[in-house]
Structures are given as structure tokens and as C-alpha cells.
1. Kindly list the number of the only condition in (1) of a type in the set (A, V, I, L, M, F, W, C); (2) closer than 25 Å to PHE396 by Cα; (3) in contact with a helix residue (DSSP H, G or I) (Cβ under 6 Å, 6 or more places away or on another chain); (4) open to solvent by 10 Å² or more (accessible area, probe 1.4 Å) that fails for ALA470.
2. So, in the stretch 421-457, of the ones that are among the hydroxyl-bearing types (Ser, Thr, Tyr) and under 23 Å from ARG516 (Cα atoms), which residue ends up surrounded by the most Cβ atoms within 10 Å (Cβ to Cβ)?
3. Out of curiosity, is VAL394 open to solvent by 20 Å² or more (accessible area, probe 1.4 Å), in a helix (DSSP H, G or I) and closer than 30 Å to TYR94 by Cβ?
4. Every residue in the stretch 102-125 that is part of a helix (DSSP H, G or I) and at pLDDT below 80, please.
5. Checking PHE215 against (1) within 30 Å of GLU45 (Cα to Cα); (2) open to solvent by 20 Å² or more (accessible area, probe 1.4 Å); (3) hydrophobic (A, V, I, L, M, F, W, C): exactly one of these is not met. Which one?
6. For ALA334, work out the one condition from (1) open to solvent by 10 Å² or more (accessible area, probe 1.4 Å); (2) free of Cβ contacts under 8 Å to residues at least 60 places away in the same chain it doesn't fulfil.
7. Please work out which residue is least open to solvent (accessible area, probe 1.4 Å), limiting yourself to the stretch 477-486 and to residues that are more than 14 Å from TRP326 (Cβ to Cβ) and in contact with a Phe, Trp or Tyr (Cβ under 7 Å, 6 or more places away or on another chain).
8. What are the residues in the stretch 496-518 that are small (Gly, Ala, Ser) and either touching a residue at least 12 places away in the same chain (Cβ under 8 Å) or open to solvent by 70 Å² or more (accessible area, probe 1.4 Å) (or both), if any?
Amino acid sequence: MDRSFNEGPAYDVPSSPIGSGGSTIALPYVNDDGERESLLPNKRERTPLPGRQLAIICLCRLAEPIAYSQIFPYINQMVEELHVAKKPADIGFYSGLVDGLFACAQLLTIFQWGHRIGRKPVIISGLVGVALASSCFGTSTKFWHTLLFRAMAGGLTGNVAVIESVLGEITDETNQARAFPLAEVTWSIGCVLGPLIGGYLSHPVERYPETFGHFNFLKEHPYFLPCFVSSLITLCSIVVAVIFLEETLPSLVAAKRDKKAQPQPIDSPQRTDYGSIEPMTPKMKTKPQTLEIVKPPPSAMELLSCPRIRQVLIVGFFLSFLCVAWETVFVLFAYTPASLGGLQRSPAEIGFFLSTLGVLGILLSLVAFPALQHRFDTLPLYRACMACWPVIFVLFSATSIFARLVLRKNTIGTEGDAAALAFIWIGVSMILLIGRVAAMGFATHMIMVKMSAPNRESLGASFGLSQTMACLARALGPAFVSSLFALSIDKQILGGHFVWLVMFCIAVGGYAATQRLR
């Protein structure tokens with residue numbers, strides 16, 4: 001006779017634990033309604049993405065990479081025209097100071113702004129700062145002007161950490177792998193538009209004399225137009241954020257929810273009668289709702305006392321340092337004369353290179369990252385991305401060797417072996433491609449930071465501290481690698497390859513740091 005489910009289990013429990021590779025059996029039982037259910041919990045369904053808020057956040061995120069990257073195609077030429085460098089080999093040092101100062105100023109404010117006054121006001125104030133500083137940067141006529149306005153842009157921008165915090169607050173573990181890459185996609189889109197704006201709108205009077213030839217202001221300030229266009233894009237982001245962006249800071253959201261949960265009077269109609277009847281006393285309507293107590297965010301020292309998040313921050317520092325050093329040294333490498341081991345390309349061509357880089361980043365973030373993260377999980381993918389950096393700097397060195405052999409007249413294609421010339425462009429293409437693969441590490445890093453945060457209240461502080469470390473890396477990286485590049489080619493240390501050796505060793509150290517993550 002068959003046994004009913006109420007009489008006891010009809011299945012043997014497997015000895016292997018769940019997830020250990022052995023087969024598992026969902027033990028059924030009969031509930032109060034007579035329906036069979038499983039004793040094992042069902043897999044959690046994926047939470048739908050909040051599309052409207054994600055779109056607004058991405059638009060706000062777009063402004064910063066455009067403002068940040070639009071100077072890259074022309075910054076070396078701008079430094080040269082300001083006559084601050086005594087010789088061509090020193091140009092990289094001064095342009096590195098301009099690049100690095102942005103992050104130095106940002107380092108002083110980003111952690112404090114990330115979780116103190118709310119997400120929305122910080123994002124809006126940061127966008128306003130970027131718009132003003134970008135416009136002023138285009139009017140620079142002295143080198144100290146460029147330093148001042150670049151520092152102003154960095155000091156007023158706390159958007160990166162705040163936007164990452166917002167993403168963490170409006171997503172969960174079921175949809176974060178689709179949401180976090182959007183920040184990297186937006187950055188890549190900005191890195192497509194920014195170099196194109198800077199490369200093709202700098203010196204507009206010389207490039208487009210029929211359109212801008214009669215504007216004396218643009219003759220005196222040849223870099224104002226790309227900065228102004230960048231500010232207009234930022235202005236659009238400001239308007240959208242002011243009108244549509246919602247606050248997500250847990251303490252403010254909880255306070256708003258608690259305020260709505262307070263008792264509210266219900267006005268009862270007063271009876272108007274010929275007799276003497278007193279008006280009815282208003283009754284109080286209460287909702288049986290438990291008020292959520294939000295803990296204050298932890299301090300930086302409290303977060304750093306957690307070994308797991310401390311190790312994630314160390315790897316994040318390496319990632320940011322290597323990425324900004326790679327971007328900076330690629331621009332220097334492309335602008336440097338071929339006789340010194342560079343490619344001697346124009347600002348427009350450099351802008352095209354960087355825009356191609358951004359397109360690759362968009363495709364990888366949208367298509368490759370979600371599939372790879374689902375297939376290999378976050379930590380193995382993080383390690384694979386960090387393993388790409390040593391390969392990149394080896395390719396830099398190899399491409400530089402072939403550039404010196406082939407580009408004897410400082411222009412590509414005039415002399416040299418065709419096979420060696422093809423290898424140069426293959427090397428450049430591989431540097432760009434592998435660099436974008438390595439940059440997928442930023443999306444994995446965001447997930448690792450969220451996973452390492454002790455609790456929800458510490459999410460904003462964790463992202464703020466993460467971006468503080470990233471700002472420190474971005475402050476040190478450009479000045480370090482540009483100075484090292486200038487020293488290598490000026491003194492011809494290891495034939496000009498000393499910079500690639502040092503960066504290779506740092507990249508190996510970054511990969512080694514990922515082995516301590518758990």
C-alpha cells in the first residue's frame with residue numbers, strides 16, 4: 001500500500017551537501033491545503049531593473065567622462081603652446097601634472113560627500129562644478145590656469161562614488177550584474193565622445209576657417225570650443241537630475257517613510273442642526289507600521305578594520321592606478337616623435353584612437369561582461385582582468401621597438417618593412433583591445449565592494465572609501481607614469497624601455513594582490 005506524505009518521507013536524503021556536486025532531491029510534503037511543496041527553497045527570481053532611474057543615473061554619469069577625457073587629445077599640444085616645457089621630452093611631465101591634479105583635488109572631498117548630505121544634491125553640485133570648471137579650462141592662457149581649473153573640477157566632483165552607491169541601493173544580488181556594467185558602458189560612451197570633441201574641435205579657426213574664422217575669441221583661446229561643448233552636455237544632465245532624480249540615501253529614505261507613517265487626523269464632518277450638538281472630535285488614523293532604525297554610516301577607520309574590504313580596496317587601487325597610467329602613457333606614446341620611440345600622431349588621430357577604445361568598452365560591457373560574470377563568477381573574472389595588465393605593457397615595449405625601426409621619417413608608411421609596419425598597428429590594436437578587457441575589472445570591483453560591505457548602511461561609505469583609493473591612484477598615476485616616460489626617453493634608460501619594465505612589475509603586483517581575495 002502506498003504511503004501518504006503525511007505518514008513520513010518516501011525519499012532518502014542524499015548524503016552529499018547542496019552544491020557539492022552530488023545529486024539533491026527536493027523533498028516534497030503536503031501543506032495545509034493538500035498541495036505538494038518542496039522543502040528546498042526555490043531559486044530567487046530576478047528583480048526587474050528600475051529602468052527610469054538607471055537611465056537618469058547613466059546620463060549624470062556621462063557628463064564626467066566627457067569632461068575628463070576631452071582634454072586628452074590636445075593636452076600635450078596645449079602644454080607645448082604654453083611654452084612651459086623647455087624640451088619635447090618634458091611635455092609628458094607637465095601634462096601628467098594636469099591629468100593627476102583632477103584626482104588629487106577629488107581625493108580631498110569624495111569620501112565626505114558620498115554619504116553625508118544625500119545622493120541627489122551631491123550629484124547635482126558635482127555636475128555644476130564640472131560644467132563651470134570645464135568652461136574655465138578652455139580659457140587658460142597660462143599653465144597655472146590649467147592647474148587651477150583642473151583642481152576645481154576635481155574638488156567639486158564627488159559623483160563617482162555617489163553614483164556607484166545609488167546603483168548599489170536600487171539593485172540587489174539578482175540584477176546587479178546587469179546594472180553595474182551600465183556605469184562602465186556610460187563611461188565608455190563618454191570616452192568615445194570626449195576625445196572626438198577634443199580632437200576635432202580644438203583649434204577650430206585653423207580647422208574650420210569658414211565657420212569659425214571670424215571669431216577672435218576662438219583665435220585667442222583655441223581650446224575653448226571643446227570645453228564649452230562638454231559643459232553644454234553637462235548642463236543637460238543637470239536639468240534632468242534636478243527634475244527627475246530620486247533620493248536613495250537610506251537614512252533620508254527612511255526618514256521620509258517614517259514621516260508618512262506618523263498618525264494623521266481624519267477630519268470628521270461637523271453636524272449642523274437646529275439643536276445644540278457639539279462638533280465631533282477628529283479621530284486619529286494610525287497605521288500599524290514598524291519604523292526602521294537606520295544606523296549612522298561607519299567611519300573610514302571602522303571600514304578599514306575589516307580585512308575583506310581592506311583587501312578589495314588594495315586591489316582597487318592597483319586597478320585604478322594601472323588603468324589611468326595606461327590611458328596617460330598611451331596618449332604620450334602616440335604623441336611622442338617616432339625618433340624617440342613614439343608614433344607622432346596628431347590630436348585628431350589620438351582622439352580617434354581613444355574613441356575606438358570607448359566603442360570596444362561599450363561592446364564588452366554590454367555583451368561580454370554579463371555572460372562572463374554568469375559563467376565564471378565575479379572573483380575569477382576579476383583575477384582574469386588584472387592578469388591582462390602585464391601583457392599590455394609588454395606590448396607597449398614591443399610596439400615601441402618596431403616603431404623606431406620602421407618610422408624613420410617620423411610618418412607612418414613612408415619607409416620600412418611592410419610586415420613590421422603591420423605589426424605596429426597590430427600591437428596598437430591589441431593594446432587597445434586588451435586594455436578594454438582589463439577595464440572590465442571596474443564592474444567586477446563594484447560588485448566586490450558591495451559584497452564586502454558589512455551592512456546596507458555602510459554601502460555608501462564603502463563605495464566612498466573605494467573611490468577615495470581610486471582617486472589616490474588617479475592622482476599618482478598620471479604624474480608617475482608621465483615622469484617615468486619622460487625620464488626613460490630623455491636618459492634612454494634601457495633604450496627608453498625603463499617605463500615599460502616598471503609598469504610591468506607594478507601590474508604583476510596587482511595581479512598577485514587578487515590572489516588574497518576570498
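The values are calculated or read from the model by the stated rules, or taken from the named source; none is laboratory data. Worth saying up front: this structure is predicted, and the values here are computed from it rather than measured. Counting neighbours? That spans all protein chains shown, and the Cβs are built from the backbone with ideal geometry, glycine included. Areas reflect the complete protein model, heavy atoms only, side chains present, ligands, DNA and RNA absent. Shrake-Rupley method; radii C 1.70, N 1.55, O 1.52, S 1.80 Å.
1. (4)
2. Ranking the candidates gives THR444 first.
3. yes
4. PHE102, ALA103, CYS104, ALA105, GLN106, LEU107, ILE110, PHE111, GLN112, TRP113, GLY114
5. Exception for PHE215: condition (1).
6. (1)
7. Filtering the stretch 477-486 for residues that are more than 14 Å from TRP326 (Cβ to Cβ) and in contact with a Phe, Trp or Tyr (Cβ under 7 Å, 6 or more places away or on another chain), the one least open to solvent (accessible area, probe 1.4 Å) comes out as ALA486.
8. Within the stretch 496-518, GLY496, ALA507, GLY509, GLY510, ALA513 meet the criteria.
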